């Protein structure tokens, strides 16, 4: 029986084996780009870089705010380029590429609804953190203390990191997994797997914070599906990091 064209299931860009390879490549690239960016930035910024071992470059660079900021910018460029190349070779034009990654317009109503859901999450998470005496942003203290370019550090944490994290996890990885199944199963499986991966790459946090990040990632997946756009999770991710940064700065740690 011939399926009418309007109801035919689109052929996935990636095979299931290809998706496995894609996930491995992107996660590996995520960490490799961080390390490579850290190494390059440390060689550029540290005054005694020529005399330091690779281990010392990573150790000192990882606690220097300017170096970390430059490494995040490096990650953004490298991962964005890699994402583009992986999808561009499988589509015929830029319109298909942007559609596959989810770059579609959103409405003000979508943004308001998403922001409301995010606000609820932030409130619940903040109350839980206070009750459990959690201070998840302590790792930022040495970064702020070691750099004069605090504006750059804020920029990469609030804006740049959300851009490439959403592109990789709710853009490329989510789409590649979701297209392997029917609509409903694909959405669920892609959301769970991409959210687990997203939480797992935040190795600077402990189990409680990683659990909260997993829930946050599910929220980003939910708004990705409801809006049919990657722009909404990007904006909400920026908003979430912005609120966290404001709370961090106003509590005195980053002053």
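No lab work stands behind these numbers, since they all come straight from the coordinates. Keep in mind that what you see is a predicted model, and the values were worked out from it rather than measured. Positions of Cβ are generated from backbone atoms using ideal geometry, with glycine treated the same way; all protein chains shown enter the neighbour counts.
Structure notes:
- Computed from the C-beta positions of residue 35 and residue 184 and an R0 of 30 Å, the FRET efficiency is 0.20 to the nearest 0.05.
- Most mobile listed residue (32, 19, 158) in the chain, GNM with C-alpha springs under 10 Å: 32
- The calculated FRET efficiency for the pair residue 43 and residue 119, based on their C-beta separation and a Förster distance of 45 Å, comes to about 0.60.
- Among 219, 192, 106: highest mean-square fluctuation, GNM of the chain, C-alpha pairs under 10 Å: 106
- Over the chain - Rg/Rh using Cα atoms and the Kirkwood inverse-distance radius: 1.00
- Cα gyration tensor category, rounded, prolate or oblate, for the range 176-255 with a/c compared to 1.5: oblate
- By other beta-carbon atoms within 10 Å, ranking 118, 78, 36 with the fewest at the front produces 36, 78, 118.
- Residue 16/residue 138 FRET efficiency (R0 45 Å; Cβ-Cβ; nearest 0.05): 0.65
- Computed over the chain, the per-residue total of -39500 (n - 2.57) for DSSP H runs of n ≥ 4 gives a 222 nm mean residue ellipticity of -22500 deg cm²/dmol, rounded to 500.
- Size of the range 24-63 from its Cα atoms: along the principal axes, largest to smallest, the extents are 35, 16, 15 Å.
- Note on the range 75-150 and the range 10-53: Cα centroid distance 18 Å, given to the nearest whole angstrom.
- Computed over the chain, relative contact order equals 24 percent, with contacts defined as Cα pairs under 8 Å that lie 6+ residues apart.
- Taking packing as the residue-averaged number of other Cβ atoms within 10 angstrom, the listed peptides 41-51, 228-238, 88-98 run from highest to lowest as 228-238, 41-51, 88-98.
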